[in-house]
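Structure first, commentary second.
No lab work stands behind these numbers, since they all come straight from the coordinates. If you're wondering where the values come from, they're calculated on a predicted model, not measured in any experiment. Cβ coordinates were reconstructed from backbone atoms using ideal geometry, including for glycine residues, and neighbour counts include every protein chain displayed.
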Amino acid sequence: MERNEKLIKTKLWQYLLPSIMMTAALQLGNIVDTMLVGNILGADAMSAVKVGMTVDHIMEIPGYVLGVGGSVAAGILLGKRKRDEANRVFSVTLTVSVLCGILFALLSVTSPMLAKALTGGGSLLRDVERFVFVTLLGAPVISLALQFMSYVAVDNNPSVASAYVIVSNVINLALDYLILKFTALGTAGAALSTVLGYGIAMLVLIRYLRSPKRMLRYVMSFGGGKDRKHPGEDAKQGRREGQAAGAFVLAFSTGVPTLLYMIFLTLKDLGLNTMIVRLIGNDAMAVYTVCTNVVLLVELLVGGIIGTIASIGGVIYGEKDYFGIRSLVKHVLLYSYAVLAVLLVILLVFPEAVVALFGITGGALLEMAAAALRIFVCSLPFYLLNKFMTTYYQSTEKTKLSGIVTSLQTCVAILPLAVVFLFAARAAGLDLLNALMAAFVFSEILTAVTVCIYRKMKYKGQGFLLLPKREEEAVYDISVVADLEEAERVPREIMEFCQAHQVDAGRANLLAVAAEEMLVNIIRYGGKKADTIDINLCITEDTLLFRLRDNGVPFDPTDYSADTGEYEIHGIEVVKNITDRMQYMRVLDLNHTVIEMKRGCRES
Amino acid sequence: MTITMKTEGTAATLHVEGWLDTQSSPDLGKAVKALPEETAALILDFKKLEYISSSGLREVVAAYKKMKDKNGTFSVIHVGNEVMDVFRLTGFDKKLDIRSAGEVIR
């Protein structure tokens, strides 16, 4: 029996649905939000909101960066049982984030200036100004919300975090409809409903605050107090301020990738919005807004599928289970491209219907939008490939490569290409909007090709997935049914495999014993659910790495100790004596046990 | 795995050959159980034993206990390096009379 995909496929499906639902809830909120503005207020207002979103992105940077960075850092500290330090990171980032929010709120008085800078004083000016004013005014609420969205999930309450995102989006959309339909607030109403949505939904967070699983607490002492009663208090306060600065630096440095992403996104928005509004016009801005929402729709449909690479892929890559990685990638690409193919057919055959969903229902604008959308959607297969590469390379410790894809895709490729295409089209007398759409297609292709060239130069001779070739490491990879006959066969095969790869006979024998003990343990005590075991033996230059993955009841052999009488023998204790190192993880609802032994050389 | 029994008076020798693993070790238990009642000395000859797992060890220990209970003697002889490693790692090389391939019973 060869290694099969049963366990990996089961997990893919198990994780797929929640992942899709979360992504769908997030993206659907954004898409329907734009649709409501487009349908109720019109295409110009929709364009104005898109232009004003640049300010929204900038305003969100401190909250996002400190929220994501701080929560990751706090999670690691909690894992190391450094709860005080985790509390300090939580408290410092929360405080700084809200202070930044207050600062942005004060900056709301500059919204006329900002709107003028963004629009160049055109017809969108008033709508952009209203949107930017309320967005900035609501910054403290959004900053607080972003902090909690990140921290609550890390702090043992992922369901509350999801509930908060979903509830705030639902309130936002309901208020959007009511405010836009029945008041004269216009684009200011769109911003207001977002702020109120995130504000009111904070009631959901009461569940988190009262949760017994909550580990993080807000501490007031990180910056020192006012009451100094002792002579040494100055030094104490200095130390506390140093600790607070350290906590901030830790959170910030962890959030740098998020910061870069947001900076690139803001630059892209700023650059493209300015080019479109000033060179092509407001109608083009409306079409571009529809196109960006089509990308959100793709995210909605395939983001969850690709997200499983991040949730499952990293774990199995860490185990050097390259068969598992290949299998996961194959399924993820297959499912996501199948979904995209269906979407592409709809978008190419019925672009008018899609555009109409955003309130563009007739006239020249509809024709223009449909034609532009047809060109734009040609970028989506490459967009999906680049999106996959970003997630995959990030999950497999190729952070630099992932960063190159992100920077190219988000900003570095599209901005220069947009300038070149627009000026070339203007010189040739071609349609500027269609030229811009072509720039999107080429920017995605350019990103994929550049990454491919870089990868081939940097990792010579390695394939797309950058996994070690089979020849580099001797790998015995097999899936077995949980059956005692298999427990008899596998140790024999392991022994033969080891001997075929010049492993010392004594080590090979001990590894075979360890394998048998582990298999028998799973088969006998894994429970009814334990029906499949993935086995992987990797022989490197100096190590024998033996991995087992099973779907039995949770069992941590590293934590196992038996009251061994003088003449009692426990298989797991035998394994512990045999091996140099044993690790265990319960991930993806599977037991993952890794046994490590020094290889030794065969005596001649 | 094959087990051959030779008896000489009240002494019995079980020659165990092949792999003594989870599947086959009950056979050793059965062979020990089938020993004549008057057996006062039991020798397990592991000259041709290639492999032993914890279940095999358990049977060896059970045989030792049986002999101890009836004040008999118990030895394991001609133990190869690989099998000896398992006895050593579990500490049974100290608790039982285990002799490697080069050693003889005096």
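Pairing the Cα long axis of helix A:125-137 with the longest principal axis of chain A, what angle in degrees results, from 0 to 90 and rounded to the nearest 10? So the inclination is approximately 50 degrees.
Between the Cα long axis of helix A:158-182 and the first principal axis of chain A there is an angle of about 20°, rounded to the nearest 10. Model label sites at residue A:449 and residue B:47, defined 7 Å from Cα along the beta-carbon direction, differ in position by 7.6 nm. Can you list the aspartates and glutamates whose alpha carbon is less than 13 Å from that of residue B:30, not counting same-chain residues fewer than 8 positions off? Within the straight-line limit of under 13 Å, residue B:30 reaches these aspartates and glutamates: B:59. Taking a ≥ b ≥ c as the square roots of the eigenvalues of the Cα gyration tensor, region B:21-106 is oblate, since a/c reaches 1.5 or more and a/b is not larger than b/c. Pairs of alpha-carbon atoms within less than 8 angstrom and 6+ residues apart define the contacts here; what relative contact order does chain A have, in percent? Relative contact order of chain A: 15 percent.
Restricting region A:500-556 to trypsin sites (Lys or Arg not before Pro) that sit in a DSSP loop and have at most 12 other Cβ atoms within 10 Å of their own Cβ leaves A:528, A:529. Seen from residue A:263, the other residues with C-beta closer than 14 Å to its C-beta sum to a net charge of -1, counting Lys and Arg as +1 and Asp and Glu as -1. Rounded to the nearest 500, the helix-only mean residue ellipticity at 222 nm of chain A stands at -23000 deg cm²/dmol, with each DSSP H run of n ≥ 4 adding -39,500 (n - 2.57).
In terms of packing, defined here as the mean over residues of other Cβ atoms within 10 angstrom, the peptides B:63-73, A:199-209, A:183-193 line up highest first as A:183-193, A:199-209, B:63-73. Please say if the protein assembly as shown is rounded, prolate or oblate, where rounded means a/c under 1.5 for a ≥ b ≥ c the square roots of the C-alpha gyration tensor eigenvalues, and otherwise the choice is prolate for a/b larger than b/c and oblate otherwise? Prolate shape, in that a/c is at least 1.5 and a/b is the bigger ratio. Of the trypsin sites (Lys or Arg not before Pro) in region A:419-505, which ones lie in a loop per DSSP and count no more than 14 other C-beta atoms within 10 Å? Within region A:419-505, the qualifying trypsin sites (Lys or Arg not before Pro) (loop, at most 14 other Cβ atoms within 10 Å) are A:460, A:469.
Within the straight-line cut-off of under 12 Å between alpha carbons, the aspartates and glutamates reachable from residue B:70 are B:37, B:38, sequence neighbours fewer than 8 places apart in one chain being disregarded.
Rounding to the nearest 10 and keeping the result within 0 to 90°, find how far the Cα-based axis of helix A:233-254 lies from the longest principal axis of chain A. Its long axis makes an angle of about 90 degrees. Bridging of residue A:213 to aspartates and glutamates at a Cα separation below 19 Å is possible for A:84, A:85, A:155, once same-chain residues fewer than 8 apart are set aside. What the Cβ-Cβ distance of residue A:184 and residue A:99 gives, at R0 = 35 Å and to the nearest 0.05, is a FRET efficiency of 0.55. Post the alpha-carbon centroid distance, region A:119-157 to region A:393-422, in whole angstrom. Comparing the Cα centres of region A:119-157 and region A:393-422, I get a distance of 25 Å. For residue A:527, the residues whose modelled amide H falls within less than 5 Å of its own, excluding neighbours fewer than 5 places apart on the same chain, are A:553. For region A:240-280, backbone nitrogen atoms closer than 16 Å to the point 7 Å from residue A:84 Cα along Cα-to-C-beta are found at A:240-247. Extension gain, residue A:500 to residue A:278, is 72.9 nm, computed as 0.36 nm per intervening residue step minus the present C-alpha separation.
By definition, a body whose alpha carbon gyration tensor gives a ≥ b ≥ c is prolate when a/c is 1.5 or more and a/b is larger than b/c, and region A:418-556 fits this prolate description. With 24 Å as the limit on Cα-Cα distance, the pairs of A:268/A:387; A:398/A:529; A:9/A:529; B:47/B:94; A:9/A:460; B:33/B:68 that go past it are A:398/A:529; A:9/A:460.
Given DSSP loops and a limit of at most 14 other Cβ atoms within 10 Å, what is the longest stretch of chain B that contains no such GluC sites (Glu not before Pro)? Between exposed loop sites, the widest span is B:39-102. Note on residue A:462 and residue A:260: their simple-model spin labels are 1.7 nm apart, each label 7 Å out from Cα toward Cβ. Rounded to the nearest 500, the helix-only mean residue ellipticity at 222 nm of chain B stands at -10500 deg cm²/dmol, with each DSSP H run of n ≥ 4 adding -39,500 (n - 2.57).
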